[in-house]
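Accompanying notes for the structure given below.
The values are calculated or read from the model by the stated rules, or taken from the named source; none is laboratory data. None of these values were measured; they are calculated from a predicted model. Counting neighbours? That spans all protein chains shown, and the Cβs are built from the backbone with ideal geometry, glycine included. Surface accessibility is based on the protein's heavy atoms, side chains included, excluding ligands, DNA and RNA. Shrake-Rupley method; radii C 1.70, N 1.55, O 1.52, S 1.80 Å.
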Amino acid sequence: MFRYAGIVINNESTSVDRIFTYEISEDFMDFIKVGQRVKVPFGKGNKMVFGFIIELYETYESAYTIKKINCICDDFTVLREKDISLIKLMKEKYICTYLDCIKLIMPTGITRGMKQKIRNTISIKNKLTDKYNKNPYINICSIIKNNNGKYTKSELSKNFDLSVSSINTLIKYDFLTTEEKIVDRYNEKVYEDYDEKQLNIHQKSAVNAIMCTNKNKFLIHGVTGSGKTEIYMKLVSLMIESGKDSIILVPEIALTPQTVERFKGRFGKNIAVFHSRLSDGERYDEWMRVKRGRVKVAVGARSAIFLPFSNLGMIVIDEEHETSYKSETTPKYTAVEIGIMKSNLENCKLVLGSATPSLESYYKCLNNEMKLITIEERADGAKLPKVSIVDMKEELVSNNKSMFSRSLLDEINNALKSKNQIILFLNRRGHSTFVSCRKCGYVFKCEHCDISLTYHSDTKKLVCHYCGSTKKLPSICPKCGSKYIKHFGVGTEKIEQEINKIFPTAKTLRMDYDTTRKKNSYEMIYSNFKNGKADILIGTQMVAKGLDFKNVTLVGVIAADLSLNLPDYRANERTFQLINQVSGRAGRGSKEGKVIIQTYSTESYAIKAAASNDYLGFYEEEIKIRKCMNYPPFSEILLINISSKNENLLIKIHRILVYY
């Protein structure tokens, strides 16, 4: 019999980031469980606070008086024992608090007393008899019978002009009854059937390789359009048949509408959807649907990996290379690392998928930490698009100073005449500004780190964001002597304005941070473009990931150099991935696709490999550099950010950190 509980207090302070021991009173001994939320007296004033039971003990020795648990807050555990094991691993790896991890796993509404939304609907209980078998009671019962259990008392009064007093009378004498119904606050939309497709030989082989082995970790390296989603769906179907649950992760909320459309079209509406754009109430409801075992599958962004499925059989992380799977808030976890932890803790299968796997994941495969599954052909027999690289230096020599090459404008015009759709992609992943020569393509880089220098307009200096070295901005290119030195920067809004000027009759849509702030804006843009309500979709990396538009025949990469020269050791990898991914949006239907890559860096091995769809060639070049510079996967890098209102103190601490 457990008499003591180890509890984490719901307090943000790091000074109380430990497990406190409380005594379990006899009233709770038969009900107490690990993972429950409780109220306990805390501190000198014995203020009642929430806490979470992490451990249970039969005995506990202490020189101090042990306080007692005041009450149990819920009729369910908010944390499973496997969640607690995961919390302990995360706390150690990500140097965070217990509470930081608990908040990831538990919906925020719980601590604020949020409950599921309830509707008290009216239903028929018994037939009318005696003096009640007359109007208006007959009319009331007739309407309720036709809409049995659908409306509340107030809705019946408002929609059908029925007397509330008469309804109350019928309830009082057992002719009607009220029934509590849980109302889901999200996504009751019914989708068109998405029929199961016959898998080709490569897809069947992938499914068998995953299901017919005791191994738990897999990487599907399949070219864009190779049918990875159909593989995931078949795996989910097999998991459901064996009574197991599945989590499907996508990197961007922009992809969620498409993925939900397919999965709900295949498996019905009882699929949980979980991402950051949901309200607290919607997130609570979806979490409870999983907790109560009402769904077998969840689709969502990064945070969906923590949903409390009781019999988890599989986690799928699609586009596993994407940086959006890394949390930028504490704890700074990555979904792939959490997937590996959960695969070990819950003995479930982890399936990573990508046309351009991260170097770290591919390196794991080559070192037998994961099983590699390769698919080199598109699922429907369609050909990969033809890719052309345009040298923007030559465009400048030809006196074309616009952001569009002549060949791209010609192809846009041809696609519009043929009633085909176009995606224009701005290869931008941040706001860092690099400096280059537009005549020869030379980029200013750090002589110590081989990372592009960032231009700071306030000091008019070039700064390395790795080692901190600075350099004055030259007025002349050190390579060719030209004066065409400028910091590089262009936005999607500017591209849209220019396209509207050049092609005034074309209908455009823009998908970027500004146009997708509102709720459901992703789904609206996706649906409008899919349904042919626009000719040209202009966007940042959101349009590069997994979107499937059958009528897109042309993709234009406006400025490949923007990501190639970001101050990041992964710049070449990111550029290769983005160009390869966005290229895969073209020619996914029956029509042939074309891709035009505009760049000043035509000799870049990343751009060349992306144009020829040569992942292995890129990997071999990049892994040599990583090893030479001792970058991951051959090491781990820790980023430490420090800030202070006291500048002298900040400088002192910075010097200490640099010294060590």
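Given charges of +1 on the Cβ of Lys and Arg and -1 on the Cβ of Asp and Glu, with all other atoms neutral, how large is the dipole of the chain about its Cα centre, in debye to the nearest 20?
1220
The value of relative contact order for the stretch 441-597, using C-alpha pairs under 8 Å at least six residues apart, is 20 percent.
Subtract the Cα-Cα distance of Lys332 and Thr65 from 0.36 nm times their separation in residues, and report this length gain in nm to one decimal.
Working: separation 267, 0.36 × 267 = 96.12 nm, distance 3.77 nm.
So the extension gain works out to 92.3 nm.
Axis of helix 228-241 versus longest Cα principal axis of the chain: the two differ by about 20°, to the nearest ten degrees.
Relative to the dominant Cα principal axis of the chain, helix 256-267 is inclined by about 50°. Output the 0 to 90 degree angle, nearest 10, between the alpha-carbon long axis of helix 406-417 and the longest principal axis computed from the alpha carbons of the chain. Between the helix axis and the principal axis of the chain, the angle is about 50 degrees.
A protection proxy built from the mean count of other Cβ atoms within 10 Å ranks the segments 636-648, 260-272, most packed first, as 260-272, 636-648. Across the accessible surface of the chain, with the other protein chains kept in place and a 1.4 Å probe, carbon and sulfur atoms take up 48 percent. In this label model, Gln497 and Ser643 are separated by 3.1 nm, measuring between points 7 Å along each Cα→Cβ vector. Each stretch of four or more DSSP H residues adds -39500 (n - 2.57); spread over every residue of the chain, this sum gives -9500 deg cm²/dmol at 222 nm. Specify the inter-centroid distance of the stretch 330-354 and the stretch 580-643, based on alpha-carbon positions, in whole Å. Here the two parts' Cα centres lie 24 Å apart. Count charges around Lys371 for me, please; just the other residues with Cβ under 11 Å from its Cβ, Lys/Arg as +1, Asp/Glu as -1. Net charge around Lys371: +3.
When you count the other C-beta atoms within 10 angstrom of each residue and take the mean per peptide, 413-420, 361-368, 227-234 line up highest first as 227-234, 361-368, 413-420.
For the chain, the antiparallel share of DSSP beta bridges with both residues in that region comes to about 45%.
Across the cross-link table entries Lys215/Lys349; Lys393/Lys483; Lys103/Lys181; Lys244/Lys296; Lys439/Lys486, which are compared at the Cα atoms, the separations over 19 Å belong to Lys103/Lys181. Using the average count of surrounding beta-carbon atoms within 10 Å as a protection proxy, the listed peptides 551-564, 290-303, 621-634 rank, highest first, as 551-564, 290-303, 621-634. In the context of the full set of protein chains, residues of the chain present 49 Å² of accessible surface per residue (probe radius 1.4 Å, heavy atoms only).
Rounded to the nearest 20 Debye, what is the dipole magnitude of the stretch 121-241 about its Cα centre when Lys and Arg each give +1 and Asp and Glu each give -1 at the C-beta?
Approximately 220 debye in magnitude.
Within the stretch 32-59, find all residues whose amide N lies under 15 Å from a label point positioned 7 Å from the Cα of Ile19 along Cα-to-beta-carbon. Correct set: 33-36, 52-59. Counting Lys and Arg as +1 and Asp and Glu as -1 over every other residue whose Cβ lies under 15 Å from the Cβ of Arg626, the net charge comes to -3. Which lysines, on any chain, are close to Lys47 with Cα under 18 Å apart, when same-chain ones fewer than 8 places away are left out? Counting by Cα, and skipping residues close in sequence, Lys47 has these lysines nearby: Lys39, Lys67, Lys68. Here is the short version for the chain: Cys71, Cys73, Cys96, Cys101, Cys141, Cys212, Cys348, Cys365, Cys467, Cys628 have no other Cys C-beta closer than 4.7 Å.
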